[in-house]
Amino acid sequence: EQSFLADKLRSGKPVITGWSVLCVPMIAEMMARGGYEAVTVDLQHGMYDFASACEALAATALGGAHRIVRIPIGDNALAGRLADMGAECLIAPMINSREDAVSFARAVKYPPDGDRSWSPFRAAMLSGQTMEEYRKGANSQTLSLAMIETQEAIDALDDILSVPELDGVFVGPSDLSISLSNGARLDPNGEANAKVCAAIAEKAVKAGKLAGIFCMNADKVKEAIQQGFCLISHGIDRSFVGDAIANARRE
Ligand code: 3PY
Ligand code: MG
């Protein structure tokens, strides 16, 4: 029986995703087998390139988790390519205007909702569907989430949320704290951010959109769930390895 990330997120049950930057597809599989319901492969700040990201998506599927990717800023062509390679959810950083949101969202949807180009053979294989089955479900099952992480994006939030082709937003608390303090502070877990994040989730839910957020620790994950976020990151592979090294050295 197929289960789709989009259905889970729309049902309101929170999904926790591991976050992979280390360009090791087997780590994505380990996160999946370790119990993360989804794995996000990061091509913005991670070391992944297109080929290694494709392997990480397959490894995530092999481990039984949902497949998410974050693309580099403005690389909507890569969003389409990674959707073809089986990403069920595309996260685009630094979406600051309605225009940004429209071009990103349309890259992820087939006509009439967008301009995505055909052919998703790997995506169909990974989801256990024929190409035609995949085509029929693709626009509702392939999600586009626009990152809200600047003052400009907050100012344009109503406009961004009004884009019909866009499935939701995803908050980047680090960039947000830098932008909101006009470069004075990096404070992703601070009070000022927490209030803004709560307001973003509330607006998104009211607009009928999905809301996701990047979290640094379990307390922030719990807070995010209470604020109404449904896709929440927790745990980065580089920190897992770094913590293990620190532990080993301490011993
Ligand atoms: C941010 O916090 O700015 C992010 O983009 C999360 O990686
Ligand atoms: Mg960011």
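The values are calculated or read from the model by the stated rules, or taken from the named source; none is laboratory data. Given the structure is predicted, the values throughout are model-derived calculations rather than measurements. Here Cβ is always computed from backbone atoms with ideal geometry, including for glycine, and neighbour counts include all displayed protein chains.
Among the residues in segment 209-216, are any at pLDDT below 95 and either surrounded by 16 or more Cβ atoms within 10 Å (Cβ to Cβ) or not charged (D, E, K, R) (or both)?
Yes, that holds for at least one residue.
Can Phe229 be described as within 12 Å of ligand 1 (Cβ to nearest atom), under 30 Å from Asp115 (Cβ atoms) and not in a helix (DSSP H, G or I)?
Answer is no for this residue.
In segment 44-71, which residue that is of a type in the set (A, V, I, L, M) and surrounded by fewer than 24 Cβ atoms within 10 Å (Cβ to Cβ) is nearest to ligand 1 (Cβ to nearest atom)?
Only one residue fits best here, namely Met47.
Output the residues belonging to segment 33-57 that are more than 13 Å from Leu22 (Cβ to Cβ), outside any strand (DSSP E or B) and hydrophobic (A, V, I, L, M, F, W, C).
Correct list: Phe50, Ala51, Cys54, Leu57.
Identify all residues within segment 115-153 that are within 16 Å of ligand 1 (Cβ to nearest atom), assigned to a helix (DSSP H, G or I) and surrounded by fewer than 20 Cβ atoms within 10 Å (Cβ to Cβ); write none if there are none.
Gln151, Glu152
Only residues that are part of a helix (DSSP H, G or I) and without any contact (Cβ under 8 Å) to a residue 12 or more places away in the chain: list them for segment 154-195, please.
Matches in segment 154-195: Asp155, Ile178, Glu191, Lys195.
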